[in-house]
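To start, the structure itself, in structure tokens.
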Amino acid sequence: MTTPAADWVRRFAVEHREVRGELVRLGPAWLALREHADYPPPVRRLLGEAVAAVVLLASTLKFEGELTLQMQGDGAVRLLVAQCTHDLRIRAVARFDAARLADDFATLAGTGSIVVTIESDRMQSRYQGIVPIDGASLAATLEHYFENSEQLPTRVQLAADDASAAGLLVQRLPQQGGIGADLPTAAAAREAEAWATFEAASAAVADLGADELQLRAVSELLQRALPGFDVRLFDERAVRFECRCSRERVAGMLRTLGAAEVQSIVAEQGAVTVTCEFCQKPWRFDAVDAAGLFGAADAQPPVSPSVN
């Protein structure tokens with residue numbers, strides 16, 4: 001049942017039904033993301049699930065920008081952030097209390113919330129959806145997010161280990177054209193067929209094991225998830241790890257601190273160094289660099305206050 005390591009997401013749709021889905025598998029990109037931090041196994045698994053989930057979320061949308069999945073609560077993993085751009089560049093980080101770690105999701109997540117933020121480059125707009133953390137799993141919490149924030153019945157399954165991360169999402173879409181598009185009886189029949197398809201898929205997806213999700217051949221996996229249905233499988237879209245920190249973005253953050261604060265740090269330490277939380281790359285600004293940050297106010301270009 002072993003398949004070659006790869007990094008991709010693929011869309012699929014059930015023919016003549018308002019049911020679609022996404023399947024993501026990550027290998028080398030997941031390993032590259034983890035090179036920058038040594039996470040204990042429970043944190044590693046949860047982070048891998050979150051990375052697979054954020055790719056699934058981003059791949060269901062048409063946008064240009066960045067989607068962020070943030071989990072924050074009073075559990076052992078006090079903060080987890082996973083990000084994916086519209087062109088499927090991923091990065092993630094987690095903060096945790098090692099003394100409180102356990103294997104179950106309830107202990108790791110605790111009481112808190114999942115926040116999904118979509119920032120659009122083209123429209124300079126921002127959307128944010130918030131749902132409480134569900135005690136069962138990250139997948140269950142995301143199902144609640146889709147139902148409450150997107151009004152889309154959704155089934156999600158996630159898995160991750162040291163070598164790979166994977167996720168499967170199936171959604172029941174709104175009927176195209178509404179009841180008025182056809183005779184009421186025909187529309188009602190289509191609606192019933194779509195619901196039956198989604199319910200069958202939901203039961204099958206819930207029954208999938210982690211090994212199947214991560215390793216089973218795609219055609220076989222979709223036959224398991226959508227038994228007896230005519231499924232159209234779309235081409236792979238490549239996913240890759242890439243941190244988007246830069247000297248320019250760090251400089252923008254330092255400008256927001258103000259000249260006095262930056263100069264105080266330089267006077268005390270000889271330089272100001274900012275380390276990216278996602279890739280651990282240090283960005284160092286010595287006295288000359290720091291002075292160059294604060295030229296004439298009207299000579300400074302507008303920058304984002306985000307370091308990363």
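Out of the helices (runs of 4 or more DSSP H) lying entirely within the stretch 217-299, which hold 3 or more residues that are within 30 Å of E18 (Cα to Cα)?
218-225
Being outside any strand (DSSP E or B) and either under 26 Å from C279 (Cα atoms) or more than 16 Å from the chain's Cα centre (by Cα) (or both) narrows it down to one of A94, A50, so name that one.
A50
Got a sec? Which of I118, I133 is in contact (Cβ under 8 Å) with a residue 60 or more places away in the chain, within 15 Å of A53 (Cα to Cα) and either assigned by TED's automatic domain parsing to the domain that holds H86 or of a type in the set (S, T, Y) (or both)? Walk me through how you get there before you give the answer.
Values: I118 fails: in contact (Cβ under 8 Å) with a residue 60 or more places away in the chain.
Unique residue meeting the criteria: I133.
Kindly check whether there is at least one residue in the stretch 104-115 that is in contact with a Pro (Cβ under 7 Å, 6 or more places away or on another chain), at pLDDT 95 or above and either not assigned by TED's automatic domain parsing to the domain that holds A186 or not in a loop (DSSP other than H, G, I, E, B) (or both).
Yes, the conditions are met somewhere in the stretch 104-115.
Can you name the number of the only condition in (1) surrounded by 19 or more Cβ atoms within 10 Å (Cβ to Cβ); (2) over 20 Å from L168 (Cβ atoms) that P40 fails?
(1)
Working only within the stretch 107-128, note down all residues that are over 19 Å from the mean Cα position of the chain (by Cα), of a type outside the set (V, I, T) and surrounded by 15 or more Cβ atoms within 10 Å (Cβ to Cβ).
G110
Run down R237, R216, R224 and say which single residue is in the same structural domain as H86 (by TED's automatic domain parsing) and buried (at least 19 other Cβ atoms within 10 Å of the Cβ).
Testing whether each residue is in the same structural domain as H86 (by TED's automatic domain parsing) and buried (at least 19 other Cβ atoms within 10 Å of the Cβ) leaves just R216.
The values are calculated or read from the model by the stated rules, or taken from the named source; none is laboratory data. A quick note: this is a predicted structure, and the numbers were derived from the prediction, not measured. Here the Cβ is made from the backbone with ideal geometry for all residues, glycine too, and neighbour counts use every protein chain on show.
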